[in-house]
Amino acid sequence: MAQAVTAPGAVAKRRSVKSIYPTWFYLPAGLLYVVLFALPTFASFYFAFTRWSLQDVEFTGWENFVTFFSEPQLRTGFINTFVYGFVTSGAKVVLGLALAVLLTSQLIGRGYLRSVVFFPVLVSAIGVGITFKVLMDPFDGLINESLSALGITGPAWLTDPQWALMSVALIDVWKGVGIATLIYIAGLAAIPQEYYEAAKVDGAGGWKAFRSITLPLVRPATATVILLSLIGGLRSFDLIWATTRGGPGFTSDVIASVIYKQYQAGFYGLSTAGNVVLFLVVTAIVVPISTLLNRREVER
Amino acid sequence: MRNRPREIVLGTVAILASVVVFIVPFVFIFLTAAKTPAEAAEFGFSLPTEWAIWDNLTTVLTVRNNLIVRAFVNSTVITVLSVALMVVLAAMVGYVLQRRRSRWNHVVNFFVLAGLIVPPAVVPTIWVMQGLGLFKTIPGMILIEATFGLSFCILLFRAFVSTIPKELDEAAWIDGAGPLRVFFSVVVPLLRPVMVTVVVVQAVNVFNDFTGPLYFLPGDDNATVQLTLYNFQSQTMSQWNLLFMDILLITIPPLVMYIFFNRQIVAGMTSGAVKG
């Protein structure tokens, strides 16, 4: 009885604390997330240890993982994933920052340049892949024809085992450098102009100002670029599949393409083991780098 | 005085380089799409001796019982519905997550970040979808795209909700509006700028998605535009003109999006760059 008789003010206060922001707002999104994302992720840690045909499951222990690391083509895919992730990420940081510095300086055609650098981001990976497959054709492709006009013999790009992975990485950078550039432009815009003026008064040259002002202050943008491009690069599948399908042989395979190949071949357990390996690789690289980058930022 | 020689020289060099690196590939797509099959197979960067752009267009659109037209319909349906779903659900989460400080926050934040980093487990997802009767269906694909896009949207919404004064929702609350009413008639209209960003960025992502449909929507019946390109590549290998016409066609929707929503796309892609 005593609880029922409360002052109107108290009721309003209790309502506002308890239910203006109801927890059930999490439910619809949470339901999708749990059923279609979390549940399969947890299940993968079981199915990775099985021989699996979607109907029948047979527990086989570590067999899939042993296969994964003993078959040379699967091991190549494992190593290539790191190479691809770090090469594309590094190139996007360097080129993205260079382009951003260029595109925030005074020069003609700045608006045009910004749009043109960004546009490939919006084209589908499969479209870009097919286009570059033609452009990088060893004999008739535009790239090698232009190079030979300059007296250079171009490599066989996507069809050369030595070059295939790097060629795909090159296309990836071409397609993705626009995002890195934009992130850096936003980061550069947040640096107060006074710092550069003060540095100028103190007699610092362009390079010195870049080293001591731009580089440290653009750090949040660098962190974003590194993390985004690593997450994308380590998981990368569509561009590789559109250009080389992991070939020639299996020289440009990555974990994500191994997962697809094993899935196509009907080795669902092995494919899922690949997924677990990819999960571990991505978390083992991204999580420490993310904490490292964020910690330094706080210290500053 | 504004255009000093250095700016002009630097700008000109940059423009020339950009033409070689970025414009030439797109012109190449267009030129190849306008050539006859024999000429397209030469891979040359030249004007077509015979313009076949109209022929190629009609051939591509009608090949295999209008497959591409149907694929465009499928892709549009999937894009529109999945983006609508993820925007509404993510806005609800981002709003409560920002407004309410509770012990749930850590848990929810953790799962949001996990959703951004963790690669989806492919075959187990197919297994779950088969159990629900969603595998190889358009509704299934819509739900998958919505789920995979949630985390990114939640982060953007959470950041934006913090710029809306809390007093606004509290005023509506004291006037007697329920939580749904407060959210949909007070908060959602104020979310408009970030809504546009999220919708445009995710629409381009879903429309361009290849891996998703490859795994979860195989087969010609429900093909999406990216899959037609992939299937074309394996089946009509000799007809490069048609392949490039297809590339040209499926590049137009994102291009149009970019022309109209340039600013929002840029805002979405660069969010978090300054704050880290």
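The values are calculated or read from the model by the stated rules, or taken from the named source; none is laboratory data. Keep in mind it's a predicted model, so treat the numbers as computed, not measured. We place every Cβ from the backbone using ideal geometry, glycine too, and count neighbours over all the protein chains shown.
Considering every residue within segment A:156-170, establish whether at least one is closer than 22 Å to A:Leu102 by Cβ and within 14 Å of chain B (Cβ to nearest Cβ). Give the derivation first.
Taking segment A:156-170 as the starting set, the residues that turn out to be closer than 22 Å to A:Leu102 by Cβ are A:170.
Narrowing the set further to residues that are within 14 Å of chain B (Cβ to nearest Cβ) leaves A:170.
Looking for residues that are closer than 22 Å to A:Leu102 by Cβ and within 14 Å of chain B (Cβ to nearest Cβ), one finds at least one in segment A:156-170, hence yes.
Give segment B:215-241 a look and list any residue that's surrounded by fewer than 21 Cβ atoms within 10 Å (Cβ to Cβ), of a type in the set (A, V, I, L, M) and in contact with a Phe, Trp or Tyr (Cβ under 9 Å, 6 or more places away or on another chain), or say none.
If the condition is that a residue be surrounded by fewer than 21 Cβ atoms within 10 Å (Cβ to Cβ), of a type in the set (A, V, I, L, M) and in contact with a Phe, Trp or Tyr (Cβ under 9 Å, 6 or more places away or on another chain), then no residue fits.
With the requirement that a residue be in contact with a Pro (Cβ under 7 Å, 6 or more places away or on another chain) and either at the interface with chain A (Cβ under 8 Å from one of its Cβ atoms) or in a helix (DSSP H, G or I) (or both), what does segment B:133-143 give you? Full working, then the answer.
The first filter runs over segment B:133-143 and keeps only residues in contact with a Pro (Cβ under 7 Å, 6 or more places away or on another chain), leaving B:136, B:141.
Answer for segment B:133-143, where residues must be in contact with a Pro (Cβ under 7 Å, 6 or more places away or on another chain) and either at the interface with chain A (Cβ under 8 Å from one of its Cβ atoms) or in a helix (DSSP H, G or I) (or both): just B:Met141.
Of all residues in segment B:156-177, how many are within 9 Å of another protein chain (Cβ to nearest Cβ) and touching a residue at least 24 places away in the same chain (Cβ under 8 Å)?
1
Just give me the residues in segment B:64-87 being aliphatic (A, V, I, L, M) and surrounded by fewer than 18 Cβ atoms within 10 Å (Cβ to Cβ), in sequence order. Break it down into steps so the answer makes sense when it comes.
To start, the set of residues in segment B:64-87 that are aliphatic (A, V, I, L, M) comprises B:67-69, B:71, B:73, B:77-78, B:80-81, B:83-87.
Across segment B:64-87, the qualifying residues are B:Val69, B:Val73, B:Val77, B:Val80, B:Ala84.
Which residues, taken from segment A:133-154, are assigned to a loop (DSSP other than H, G, I, E, B) and closer than 15 Å to B:Ala41 by Cβ? Give the derivation first.
Let us first name the residues in segment A:133-154 that are assigned to a loop (DSSP other than H, G, I, E, B), namely A:136-141, A:150-154.
Those that are assigned to a loop (DSSP other than H, G, I, E, B) and closer than 15 Å to B:Ala41 by Cβ: A:Asp137, A:Phe139, A:Asp140, A:Gly141.
From the list A:Phe59, A:Phe65, A:Phe69, A:Phe37, which one is loosely packed, with under 15 Cβ neighbours inside 10 Å and within 26 Å of the chain's Cα centre (by Cα)?
Details: A:Phe59 fails: within 26 Å of the chain's Cα centre (by Cα); A:Phe65 fails: loosely packed, with under 15 Cβ neighbours inside 10 Å; A:Phe37 fails: loosely packed, with under 15 Cβ neighbours inside 10 Å.
The conditions single out A:Phe69.
Between a first residue in segment B:37-55 that is within 14 Å of chain A (Cβ to nearest Cβ) and a second residue that is among the charged types (D, E, K, R) and surrounded by fewer than 11 Cβ atoms within 10 Å (Cβ to Cβ), which pairs have beta carbons less than 8 Å apart while being 6 or more apart in sequence or on different chains?
B:Glu39/B:Glu50
Among the residues of segment B:111-132, count how many are among the β-branched types (Val, Ile, Thr) and not in a helix (DSSP H, G or I). Before you say what the answer is, go through the steps one by one.
Going residue by residue through segment B:111-132, those that are among the β-branched types (Val, Ile, Thr) are B:112, B:117-118, B:122-123, B:125-126, B:128.
Still in the list and also not in a helix (DSSP H, G or I): B:118.
Going through segment B:111-132 one residue at a time, the tally reaches 1.
Between a residue in segment A:272-285 that is of a type outside the set (A, V, I, L, M, F, W, C) and any residue that is not in a helix (DSSP H, G or I), which pairs come within a Cβ distance under 6 Å, given they are 6 or more apart or on different chains?
That search, which allows pairs on different chains as well, returns A:Thr272/A:Ala48; A:Asn275/B:Ala121.
Let's see how each residue does on (1) among the charged types (D, E, K, R); (2) assigned to a helix (DSSP H, G or I); (3) at pLDDT 90 or above:
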position: A:Ala256; (1), (2), (3): no, yes, yes
position: A:Lys261; (1), (2), (3): yes, yes, yes
position: A:Gly266; (1), (2), (3): no, no, no
position: A:Ser271; (1), (2), (3): no, yes, yes
position: A:Gly274; (1), (2), (3): no, yes, yes
position: A:Leu280; (1), (2), (3): no, yes, yes
position: A:Thr283; (1), (2), (3): no, yes, yes
position: A:Asn294; (1), (2), (3): no, yes, no
position: A:Glu297; (1), (2), (3): yes, yes, no
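What number of residues in segment A:200-231 are of a type outside the set (Gly, Ala, Ser) and without any contact (Cβ under 8 Å) to a residue 12 or more places away in the chain? Talk me through it step by step, then tell me what you get.
So the first thing to find is which residues in segment A:200-231 are of a type outside the set (Gly, Ala, Ser), and the list is A:200-202, A:207-208, A:210-211, A:213-220, A:222, A:224-228, A:230-231.
Among the residues that remain, those that are also without any contact (Cβ under 8 Å) to a residue 12 or more places away in the chain are: A:200-202, A:207-208, A:211, A:215.
Number satisfying all stated conditions: 7.
Sort through B:Val198, B:Val128 and tell me the only one that's surrounded by 14 or more Cβ atoms within 10 Å (Cβ to Cβ) and either of a type in the set (Asp, Glu) or touching a Cys at 6+ places or on another chain (Cβ under 6 Å) (or both).
Values: B:Val128 fails: either of a type in the set (Asp, Glu) or touching a Cys at 6+ places or on another chain (Cβ under 6 Å) (or both).
Going through B:Val198, B:Val128 in turn, just one is surrounded by 14 or more Cβ atoms within 10 Å (Cβ to Cβ) and either of a type in the set (Asp, Glu) or touching a Cys at 6+ places or on another chain (Cβ under 6 Å) (or both): B:Val198.
Only one of B:Val108, B:Val93, B:Val88 is facing chain A (nearest Cβ under 9 Å), in a helix (DSSP H, G or I), more than 23 Å from A:Lys175 (Cβ to Cβ) and in contact with a Cys (Cβ under 9 Å, 6 or more places away or on another chain). Can you tell me which? Let's see the steps before the verdict.
Details: B:Val108 fails: in contact with a Cys (Cβ under 9 Å, 6 or more places away or on another chain); B:Val88 fails: in contact with a Cys (Cβ under 9 Å, 6 or more places away or on another chain).
Checking each option against the conditions leaves just B:Val93.
Determine whether B:Ala17 is facing chain A (nearest Cβ under 10 Å), surrounded by fewer than 18 Cβ atoms within 10 Å (Cβ to Cβ) and in contact (Cβ under 8 Å) with a residue 24 or more places away in the chain.
On the way: facing chain A (nearest Cβ under 10 Å): yes; surrounded by fewer than 18 Cβ atoms within 10 Å (Cβ to Cβ): yes; in contact (Cβ under 8 Å) with a residue 24 or more places away in the chain: no.
For B:Ala17, the condition - facing chain A (nearest Cβ under 10 Å), surrounded by fewer than 18 Cβ atoms within 10 Å (Cβ to Cβ) and in contact (Cβ under 8 Å) with a residue 24 or more places away in the chain - is not met.
Taking segment A:237-254 on its own, how many of its residues are in a helix (DSSP H, G or I) and either touching an Asp or Glu at 6+ places or on another chain (Cβ under 7 Å) or at positive phi (or both)?
1
When you look at A:Ser124, is it out of contact with any strand residue (DSSP E or B) (no Cβ under 9 Å at 6 or more places or on another chain), surrounded by fewer than 20 Cβ atoms within 10 Å (Cβ to Cβ) and either under 30 Å from B:Ala41 (Cα atoms) or more than 10 Å from chain B (Cβ to nearest Cβ) (or both), yes or no?
Working: out of contact with any strand residue (DSSP E or B) (no Cβ under 9 Å at 6 or more places or on another chain): yes; surrounded by fewer than 20 Cβ atoms within 10 Å (Cβ to Cβ): no; either under 30 Å from B:Ala41 (Cα atoms) or more than 10 Å from chain B (Cβ to nearest Cβ) (or both): yes.
When the stated conditions are applied, A:Ser124 does not pass them.
Need pairs with beta-carbon distance below 7 Å; first residue over 14 Å from A:Ser236 (Cβ atoms) and within segment A:61-87, second of a type in the set (D, E, K, R) and part of a helix (DSSP H, G or I); sequence gap 6+ or separate chains.
What qualifies is A:Phe69/A:Arg75.
From the list B:Thr49, B:Thr58, exactly one residue is assigned to a helix (DSSP H, G or I) and either over 14 Å from B:Val225 (Cα atoms) or touching a strand residue (DSSP E or B) at 6+ places or on another chain (Cβ under 6 Å) (or both). Which is it? First the steps, then the outcome.
On the way: B:Thr49 fails: assigned to a helix (DSSP H, G or I).
When all the criteria are applied, what remains is B:Thr58.
Checking the conditions here, which among B:Thr36, B:Thr49, B:Thr58 is surrounded by fewer than 17 Cβ atoms within 10 Å (Cβ to Cβ), farther than 29 Å from A:Ser146 by Cβ and polar (S, T, N, Q)?
Numbers: B:Thr36 fails: farther than 29 Å from A:Ser146 by Cβ; B:Thr49 fails: farther than 29 Å from A:Ser146 by Cβ.
None of the other options fit; the residue is B:Thr58.
Would you call A:Thr81 surrounded by 15 or more Cβ atoms within 10 Å (Cβ to Cβ), more than 14 Å from chain B (Cβ to nearest Cβ) and either on the phi < 0 side of the Ramachandran plot or of a type in the set (Ser, Thr, Tyr) (or both)? So that I can check it myself, show each step before the final result.
On the way: surrounded by 15 or more Cβ atoms within 10 Å (Cβ to Cβ): yes; more than 14 Å from chain B (Cβ to nearest Cβ): no; either on the phi < 0 side of the Ramachandran plot or of a type in the set (Ser, Thr, Tyr) (or both): yes.
In short, no.
Given (1) under 15 Å from B:Ile247 (Cα atoms); (2) in a helix (DSSP H, G or I); (3) more than 23 Å from the chain's Cα centre (by Cα), identify the lone condition not met by B:Lys35.
For B:Lys35, the exception is condition (2).
If you scan segment B:1-14, which residues turn out to be more than 8 Å from chain A (Cβ to nearest Cβ) and either part of a helix (DSSP H, G or I) or surrounded by 14 or more Cβ atoms within 10 Å (Cβ to Cβ) (or both)?
B:Pro5, B:Arg6, B:Val9, B:Val13
Could you pull out the residue among B:Asp246, B:Asp209 that is acidic (Asp, Glu), under 27 Å from B:Leu156 (Cβ atoms) and at pLDDT 85 or above? Write out each step before concluding.
Details: B:Asp246 fails: under 27 Å from B:Leu156 (Cβ atoms).
So the residue among B:Asp246, B:Asp209 that is acidic (Asp, Glu), under 27 Å from B:Leu156 (Cβ atoms) and at pLDDT 85 or above is B:Asp209.
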